[in-house]
1. For Y283 and T175 in the same chain, what is the full-extension length gain: residue separation times 0.36 nm, less their Cα-Cα distance, in nm?
2. Accessible area per residue, 1.4 Å probe, Å², for the range 459-555: what's the number?
3. Can you work out the FRET efficiency for the pair A14 and S38, with r the C-beta to C-beta distance and R0 = 35 Å, to the nearest 0.05?
4. What percentages make up the Cα-Cα pair-distance distribution of the range 412-510 when the bins are 10 Å wide from 0?
5. Figure the gain on full extension for R545 and D507 (residue separation times 0.36 nm, minus the Cα-Cα span) and round it to one decimal in nm.
6. For L220 and S22, what does the FRET efficiency come to when R0 = 30 Å and r is the distance between their Cβ atoms, rounded to the nearest 0.05?
7. Regarding the range 239-295, what whole-number volume in Å³ per residue does the convex hull of its Cα atoms give?
8. Just want the answer: with Cβ charges of +1 for Lys and Arg and -1 for Asp and Glu, which residue in P489, N436, I422 is farthest toward the dipole's positive end in the range 406-513?
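The values are calculated or read from the model by the stated rules, or taken from the named source; none is laboratory data. Here the structure is a predicted model, which is why all the values come from computation and not from measurement. Cβ: placed from backbone, ideal geometry, glycine included. Neighbour counts: every protein chain shown. SASA here: full protein model, heavy atoms, side chains in, ligands and nucleic acids out. Shrake-Rupley method; radii C 1.70, N 1.55, O 1.52, S 1.80 Å.
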Amino acid sequence: MGKHTTRKLYFIFAAWTFLAVSAVATVVSIIHLDGLTSQTEADAAAALEESLIPVLSVSATNPAAFSAAADDLLSERIAGVRLWSDDGGLLGEAGSAAPANDSAVAMAVSQGNATIKAGAPGGEVLVSYTQLASGAIVEIAQDYGPVADSVADVRLRLTLTTIAGSAITLVLLQTILWAATRGLRGEYDRLLYLHRSGQAIRSTLDLPDVLEQLARDAALYTRSQFGLAALLEENTDELVLKASYEMETKTSSQHSRGVEAWFLRRAVATGETLVAQQDQIDYRTILGHEPARQSPVNFLSAAIPGRAGAIGVISVLRSTEHGKFHAREIQMVEEMAAQGAMAVEQATLFDKVRAYADEVELSYDGTLRALMAALDTKDSVTGGHSERVARLTVLLAKEMDVPADRLVDIERGALLHDVGKIGVPDDVLMKPSSLNESEWEAMRKHPLLAGLMISKVGFLEGALPILLYHHESYDGSGYPFGLKGKAIPLEARLFTVVDSYDAMTSDRPYRKAMPQIVALGEIQKNSGIQFDPDVVEAFTRLMNRMREEDQRAAA
């Protein structure tokens, strides 16, 4: 339900209320119109009877005298007068009246009166029957025209009253609905903003980003000049400003500045929301600079709750020209602070875990390097080999656009590639002459020994492809598994080229080191045989670029 949805809801309700009020007004008008017509006719008959009955009742016992008296009363309004006996017999008459209506006479006898609308020679008339004390019944027929005018006037007044009442009812209902939907939309917008703000701060575990988001969202929602987020240091209880947002420049800043502004410190100390006004703020001690425009400000500070007390504060400051903070704004900042508490705690814990992990990883890598240094010491001829091939293999991997998250495993695999030689006898490992078949058999086992050793260490699993397969050949003639082509993991195909190049360009007991250009030629000669052609191409490109850089540096 967004802004457009609440507007649509309002119009739908408005249409339905219009139809409902119109229907009710129509039904009420129809019911009342029938009743008002009958009442108007009865009132017209009663008014005429009130003036004529006293005159006619005097002569009611003498039909001739009655007829004479009735004849004198005839006028444009009075069409006829007749006298009936209680058994329906005509006793006397004057003028032209409506046809005799026995049922009307009977009704007058039983109920004491009756009024009907009937046709007559001169037009429609309103006929009324009144029973006298003597039992005789007087029939008076009057012109219906004036009565019809009265009925029309009454109907018009009823119609206007109904329309006015319906309009007032609709206006009241629409006003109530408008107020309700406005409040609903405001509450919806508040909750939506809070939801989106919560999603944003939960989407990162970086503490500075979390605090920056809190400061910005609080300032934007309350339309404040500044938004601030500060945390309480665990060990020193110092309040440190971590992030700020400035509305005028629309910029967020990260800080690490100790602050002692009373409106920040008090909110943290009490754990309660503080809303106040101050004529002047020393922005320099808080933000490190003075804003271009300064004026008296209203500020709102809400504590960020923690398990053992407040752990920080979110504060917004805006000019008094923009008015005081409304209850909804205060509630929103409080909810942001409460919502931010968990995000701050998670980000803080993540920072600690990340720091511990970095320390552990550094210690692991240090241990690996110490291990490989010890192995290089065992074989003085290949001293420094592991470090060299590790660096060059990583460079080659980057040259071939290997994802960055795999580079650490590639470096570790290159460092550890000869760790399996720990299980090779020293007399074989350091033999200055060529190895015989049994000695080669022992030497060929070192990839398997390395895999067996490293498989026990979980964080080094990513290094296994180099350890196990760095002696496989592209044409399938390698060992220990005889893998061929792309079946050999990329890490191993990269390392094989680098390892062979370093071996050829290093002194050995049985030969001198080759010049780099000659070694590179040997690598290219064995492309598609021992080495992956794509890797050889990338390695050649890398070495040529490194040689050119060295030449430029030397010049």
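1. Details: separation 108, 0.36 × 108 = 38.88 nm, distance 4.53 nm.
Extra length from Y283 to T175 when fully extended: 34.3 nm.
2. Details: 4840 Å² over 97 residues.
About 50 Å² of surface per residue is accessible.
3. On the way: r = 37 Å, r/R0 = 1.05.
For A14 and S38, the calculated efficiency is 0.45.
4. Per 10 Å bin, starting at 0, the Cα pair percentages come out as 16, 45, 35, 5.
5. Working: separation 38, 0.36 × 38 = 13.68 nm, distance 2.43 nm.
Additional length available on full extension: 11.2 nm.
6. My answer for the efficiency is 0.10.
7. Values: hull volume 5.4 nm³, N = 57.
In the range 239-295, the Cα convex hull volume per residue is 96 Å³.
8. P489
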